[in-house]
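We did not get these values from a lab; they are worked out from the coordinates using the rules stated. For clarity, every value in this text was computed on a predicted model and none was experimentally measured. Neighbour counts run over all protein chains shown; Cβ positions are idealised from the backbone, glycine included.
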Amino acid sequence: MISGGSTDGDSNRARKARSRMECLEVYERRRDEPVISFRPDDLRGVSLPHNDVLVIQARMANYDVLRIFVDNGSSVNVIFKEALVQMDLHEYQLEAVETALFGFAGHAVYPEGEITLPLTLGAGELRKTVMTFFTVVDAPSSYNIILGRPAMNEMRVVASTYHQKIKFPVRGQVGEVKGDQPSSRKCYGETVRADQKKAGREGKGKESQEEVAREREVHFVAEKEQEVVEIEPRKHVRVAQDLNASTWGYHQIPLALEDQDKASFMTSAGTLCYVVMPFGLKNAGATYQHLMNLVFQKQIGRNIELSGKFLGFMVTDRGIEVNPEKIKAIMDMPSPQFVRDVQKLTERIAALSRFISRSAHRSYPFFQVLRKAQKFGWDDKCEQAFQDLKKHLAELPILAKPEPGEKLWIYLSATEFAVSSVLVREEGAD
């Protein structure tokens with residue numbers, strides 16, 4: 001609900017004068033004004049069920065303006081200053097407004113002024129244009145314009161949020177504008193997130209800098225909680241004393257400029273892309289490990305051991321070993337009784353595929369079961385493959401790290417169902 005503004009006059013005297021004039025004037029309804037109604041056909045194209053607000057597009061001052069919020073709870077028509085800037089209309093002379101608006105974040109907002117602009121609804125022969133007063137507000141908003149009661153009453157607009165449409169009389173007929181549901185949901189999400197952030201900042205206003213930083217998910221470490229680490233002679237760095245082992249450093253690796261668009265993702269603010277290496281890339285783990293080897297190359301073997309569980313694997317000086325917990329998950333697994341059990345089995349095999357020789361061939365009987373989803377068929381052949389897999393898991397190899405310039409051998413295995421390959425390095429060969 002937005003109240004205030006100069007809709008009923010910009011002073012008490014003006015409002016009283018307007019009230020007296022309304023008592024003396026009699027408005028007759030035009031006999032040729034059409035009846036406006038909404039029918040089931042008006043729901044065509046509407047995503048149901050929904051609780052979306054009504055957001056439309058309209059023509060204004062030779063611009064097609066998106067994100068117009070139809071709000072019959074607003075006593076004024078509002079255009080946000082940023083929209084005027086985008087329309088190159090911010091330099092126009094604004095009429096002064098003394099009355100504040102109420103409803104923006106619960107406190108008074110004093111407008112920048114008023115501006116009169118042509119507002120066009122509809123298209124073609126059912127287009128309607130009216131010169132409309134807009135109150136200019138300099139405040140952040142997901143919307144460009146709020147179409148309030150003054151414009152709706154002037155154009156005799158009937159709105160239905162359920163049908164996501166407005167209708168209005170025009171030359172004895174009925175014009176209409178459909179709502180934009182995707183834009184409505186996007187604007188609503190942006191508004192809610194902005195309000196949550198603002199409420200959080202106001203609620204934490206009296207807290208210390210460290211507490212505010214934690215609320216905003218910013219890692220803040222006081223100097224007294226840091227320790228100095230020597231990485232090279234006369235080169236030191238400060239690190240947190242309680243640094244979590246799972247925190248290190250993916251976001252310290254920049255992505256090549258030509259590859260950044262390949263790591264794009266969608267948000268409510270638009271399409272963004274990573275400029276540093278994110279989690280989830282196929283070679284991210286190996287790239288990160290390579291960086292750590294470079295950073296700590298003078299410390300490894302002296303005061304650093306690269307050993308322990310890392311990204312689901314056991315990393316030691318001998319190489320990369322499989323996580324015993326992942327092996328145990330399959331070894332303790334009973335023979336599948338349902339399709340879902342087979343799905344769990346194939347998921348666990350996929351996690352160990354780097355260590356299982358000819359994993360595609362060994363998993364073929366299980367995938368055959370999944371292809372016959374209508375009838376579960378765990379036969380003797382599947383059971384034998386399951387038991388052979390468990391025996392193989394008891395003696396899994398260690399993945400070795402190749403040395404620069406070292407000769408590698410590739411072995412291929414082709415069967416009726418799959419083709420496998422493995423890179424092999426010789427150790428201790430003559």
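Can you pull out the trypsin sites (Lys or Arg not before Pro) in the stretch 373-426 whose DSSP state is coil and whose Cβ has at most 12 other Cβ atoms within 10 Å?
Those that pass, being in a loop and sparsely packed, are Lys375, Lys407.
Order of 35-48, 351-364, 332-345 by packing, highest average Cβ count within 10 Å first?
Averaged packing, sorted descending, gives the order 351-364, 332-345, 35-48.
Extension gain Ala351-Leu423, at 0.36 nm per residue separation less the Cα-Cα distance, in nm?
Taking Ala351 through Leu423 to full extension adds about 24.0 nm, to one decimal.
Rank-order 323-331, 294-302, 71-79 by packing density, defined as the average count of other C-beta atoms within 10 Å over each peptide's residues, highest first. All intermediate terms of the calculation are to be shown ahead of the outcome.
On the way: 323-331: 14.2, 294-302: 12.0, 71-79: 22.2.
Highest-to-lowest ranking by the protection proxy: 71-79, 323-331, 294-302.
Set the bar at 18 Å for Cα to Cα. Now go through Lys81/Lys165; Lys81/Lys186; Lys328/Lys375; Lys282/Lys391; Lys81/Lys178; Lys326/Lys390 and name every pair that lies beyond it.
Details: Lys81/Lys165 26 Å; Lys81/Lys186 20 Å; Lys328/Lys375 29 Å; Lys282/Lys391 29 Å; Lys81/Lys178 25 Å; Lys326/Lys390 12 Å.
Beyond 18 Å: Lys81/Lys165; Lys81/Lys186; Lys328/Lys375; Lys282/Lys391; Lys81/Lys178.
With labels modelled as points extended 7 Å from the Cα through the Cβ direction, what inter-label distance (nm, one decimal) is found for Leu291 paired with Arg127?
5.5
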